[in-house]
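Undergrad: Have a look at this one.
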Amino acid sequence: MRFAARATALLLLATGVVAAQTVEDNFPRPASLQGAVDFWTRVYTEVGTNGGFLHDPVNLRVVYEVVRFQETPTSRQRRREIGRLSDHYSDILNRLADSRDGLSTEAAQVLALWPVDVSDETLRQAAGRLRFQLGQADRFEAGLIRSGRWKPYIKDVLTERGLPVELAVLPHVESSFDPTAYSKVGAAGMWQFTRSTGLRYMQIDHIVDERRDPFLSTIAAAKLLSDNYSVIASWPLALTAYNHGLAGMRRAVQQQNTSDIGVIVDNYKGRTFGFASRNFYAAFLAALDVDANAERYFGPVQQDAADDTAVIEMSDYIDASAIARALNVRIDELRRLNPALMDTVWAGDKFVPKEFALRLPSDLAANAESLLAAVPATERFALQRPDEFHRVRRGETLSAIAGQYRLSVAALVRANSLRSQNFIREGQLLTLPIANSRAAVPLADSALAGGRYTVRRGDSIARIARRLGVPEGSLLSANGIDDRNRIYEGQTLSIPGAANESSTQDDVAVVLASNSTIENPTIETATIASEQNIALAADIVAEPVDFLLDVEAEAEPAEEEEIAAIDEDAEPTLDSNVLASMQARLAADPSDYSVADDNSIEVQSLETLGHYADWLQIRTQRLRDINGFSFREAVAIGQRIKLDFDAVSTAQFEQRRLAYQESVQESFFSAYQIAEIHDHVIRSGESLWLLAQRTYSVPVWLLRQYNPDLNLDRISPGTIVKFPRLRRINPSTAQVPTESELG
């Protein structure tokens, strides 16, 4: 296979040294992976989605049959045919394992697929592990055509960040360059970000989901790949971590004592290091080859032209239909260019948010600001249309809830990004897109100007809060009002959420996880401060952590009936696929949340003995006894402790632990994003904790994630510490649920 053999300028993020490296340096090809690369090349070029390959999942050089379905089969018909073929070849392999005498022509052909010295035991194992891989040739070709719209932009972003431009082919593996792609585990967009990982770099809610925008998600993907490389210092491993997670790849490196991707793929036996993760790098190399030699495989390919577009920043909240009228553009064209805006916006349930970067054709963008400025003040708003909320009760159905609030089921599905209207769960918080119950105030309202409200006769705090769609507590706090009953006509009130919030260090000062006077904080003191600050930073009323995985959302619903809210008192059955899905959602977190073979774990940020006891369903004193801890002795980050699994399994514990971390981190990243990673060289006399608090304003748990192999309590001068720089984000809606609304 021919590689595009040109040099790429690579910023060595781990050392800060710029060096010229070749493609082969960045993306080596161990001989042990060549069979897998060849296999994925066949998958991408030889057979479309009307067929595939029946093969051995361990030795990918062994393909028993190239399957081509004669007609477009149903899923059931396809499964039946694949099952028949699998049984057929399994029988042949078992017969070969029993005896190799008097072989039929077909049996001889199957045996010839294997090395001449293949053992009977290998053949017997192969008989029980046949796998079918759907062909991708038609999808890959379609992706080649689509890629023309974004490839130049992707390469520019990678080059600006000092990353290898070859990474631009990764969307072939992830989505075939389809920005509308969604996976079964909730990954979205061209770069297939999960929600938890995407929140670190993008805005994701029921109004704006930047994962769906190919331009915005490209910047996020470059940041994630850069962050992966900064931690693990190997592009094969950084790419595999994109799929498997940084924690899993760090664990693989530690267990195998090597960074050689070939050795890791051949020998690492991690519980969740399955077929997809094991083959991710080989699939990338195959995509790199096919993309560089497209005409060899597909003939002349006419790629789409790059969109000639530009963006303008919205100065107010405006209905999408009003924007379309003002710009004299079809609303479906506006929607095509702005896929980050969710269905709630296009249905009129929400405004296009203020400060949203609206993408338009370049010729239209030149005059768009003046055209939008001409929109009447009665159609421009200072705040988003507020939400209402409903907590699902046992036995309720989505249609019943929709009827209660005079909404359509479709509107509820849109507002909550539900994958199926048939599955909701007890305790779930649903956003209700009720636009008129507390109507947003237009800028034409004389009482509202410049993000401030002038109190009028008959007003009360409750009435003003409802009218403006802001929480009463936030309104009182923003104006320093202690007595809600003491306001007066003509008084000017600041409206929280209406003013543009700048990204200053002051904005992120509240997120610190440790007291600056604590040189060696324990995990318990850090946890208390972190959890308090996360709630402040996100400006939310935190929901209880639900340790039960919502596996029902992945099930195939019965189309003929609607299922009532599910009682989640019983824990779902766990397997490696469930845990792999959860770990994938925390792919950007390099912390190791697994249980070792000796039933020990590494203590991570935001965790205490109380957490472990709760997840294990035992008393805290039991953990103290096992580990020889004195009363009130705290555990420290990085410490290894032993656990008792008499009441729960290791998989159940890991599930609860991952769910807790995911919930806490999602709360934090709903308010802050990672703008960049700064390498700080520690100087003599510097305190890491003071740097975190006063210079970089970063919580200790996040600092730990970007420096997982450093002992943060013992940092010598000259050590490079990676400090995330945070950027406060402005939510699409100013409304958050109050305690009374949560019920």
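We did not get these values from a lab; they are worked out from the coordinates using the rules stated. The structure displayed is predicted, hence computed values, not measured ones. Because the Cβ atoms are built from the backbone with ideal geometry, glycine has one as well, and the counts that use them run over all protein chains shown.
Undergrad: Compare the peptides 700-706, 458-464, 120-126 by average per-residue count of other Cβ atoms within 10 angstrom and give them in order, highest first.
TA: Ranked by mean Cβ neighbours within 10 Å, highest first: 700-706, 120-126, 458-464.
Undergrad: Show me 256-263, 300-307 ranked by packing, highest mean number of other Cβ atoms within 10 Å first.
TA: In decreasing order of mean packing, 256-263, 300-307 become 256-263, 300-307.
Undergrad: How do Thr74, Thr344, Thr719 rank when sorted from fewest to most other Cβ atoms within 10 Å of their own Cβ?
TA: Numbers: Thr74 9, Thr344 26, Thr719 16.
So the residues, fewest neighbours to most, are Thr74, Thr719, Thr344.
Undergrad: Give the span of the range 587-703's Cα atoms along each principal axis, as three whole-Å numbers ordered largest to smallest.
TA: 45, 32, 23
Undergrad: For Thr49 and Arg84, FRET efficiency with R0 = 25 Å and r from the beta-carbon atoms, rounded to 0.05?
TA: 0.80
Undergrad: Let me ask something else about it. For the pair Asn328/Arg393, report the inter-label distance in nm, with labels modelled 7 Å from Cα in the Cβ direction.
TA: 5.5 nm
Undergrad: Shifting gears a bit: Sorted from largest down, what three extents in whole angstroms do the Cα atoms of the range 574-624 have along their principal axes?
TA: 33, 24, 19
Undergrad: Taking H placed 1.01 Å from N in the peptide plane, check which residues at least 5 places from Asp387 or on another chain put their amide H under 5 Å from its amide H.
TA: Under 5 Å from the amide H of Asp387 lie the amide H atoms of Gln735, each far enough along the sequence or on another chain.
Undergrad: Still on this structure: Hey, what D do you get for the range 309-381 in µm²/s if you plug the Kirkwood alpha-carbon radius into Stokes-Einstein at 10 °C and 1.306 mPa s?
TA: Working: Rh = 12.0 Å.
In µm²/s, the coefficient is 133.
Undergrad: Show the residues, 5+ positions off or on another chain, whose built amide H is closer than 5 Å to the amide H of Val62.
TA: Amide H to amide H, under 5 Å and 5 or more residues apart or across chains, Val62 pairs with Asp56.
Undergrad: Using a 10 Å cut-off around each Cβ, can you sort Arg728, Arg68 from fewest to most neighbouring Cβ atoms?
TA: Lowest to highest Cβ neighbour count: Arg68, Arg728.
Undergrad: Here is a further query. How much length, in nm to one decimal, is gained on full extension between Thr22 and Glu355, taken as 0.36 nm per residue of separation minus their Cα-Cα distance?
TA: Details: separation 333, 0.36 × 333 = 119.88 nm, distance 4.10 nm.
Fully extending the segment from Thr22 to Glu355 adds 115.8 nm.
Undergrad: Please give the FRET efficiency for Asp597 paired with Thr309, using the beta carbon to beta carbon distance and R0 = 51 Å, rounded to the nearest 0.05.
TA: It comes to 0.40.
Undergrad: Find the all-direction average of the projected area of the Cα convex hull for the range 136-200, expressing the result in square nanometres with one decimal place.
TA: Value for the range 136-200: 4.8 nm².
Undergrad: If you stretched the chain out fully between His678 and Gln621, how much longer would it get, using 0.36 nm times the residue separation minus the C-alpha to C-alpha distance?
TA: 16.4 nm
Undergrad: Here's another thing I want to ask about it. I need Tyr593, Tyr488, Tyr268 ordered by Cβ neighbour count within 10 Å, fewest first.
TA: Tyr488, Tyr268, Tyr593
Undergrad: Go through the range 196-211 residue by residue and turn each phi into a ³J(HN,Hα) via Karplus (6.51, -1.76, 1.60, θ = phi - 60°); whole Hz please, and just put x for glycine and proline.
TA: 4, 6, x, 4, 5, 10, 9, 8, 9, 8, 7, 10, 10, 10, 5, 4
Undergrad: Extending each Cα 7 Å along its Cβ direction at Ser687 and Lys184, get the distance between those two points in nm, one decimal.
TA: Label at Ser687, label at Lys184, 5.2 nm between them.
Undergrad: Next question, about the same structure. What whole number of Å gives the distance from the Cα centroid of the range 702-730 to the Cα centroid of the range 623-690?
TA: 14 Å
Undergrad: So what are the radius of gyration and Dmax for the Cα set of the range 452-494, in Å?
TA: 9.0, 22
Undergrad: Can you list which of the trypsin sites (Lys or Arg not before Pro) found in the range 76-107 are DSSP loop residues with at most 14 other C-beta atoms within 10 Å?
TA: Arg100
Undergrad: Viscosity 1.002 mPa s, temperature 20 °C: what is the translational diffusion coefficient of the range 91-185 from Stokes-Einstein with a Kirkwood Rh over Cα pairs, rounded to a whole number of µm²/s?
TA: Calculated translational D: 124 µm²/s.
Undergrad: Once label points are set 7 Å from the Cα along Cα→Cβ at both Thr159 and Arg486, what is their separation, rounded to one decimal in nm?
TA: 6.4 nm
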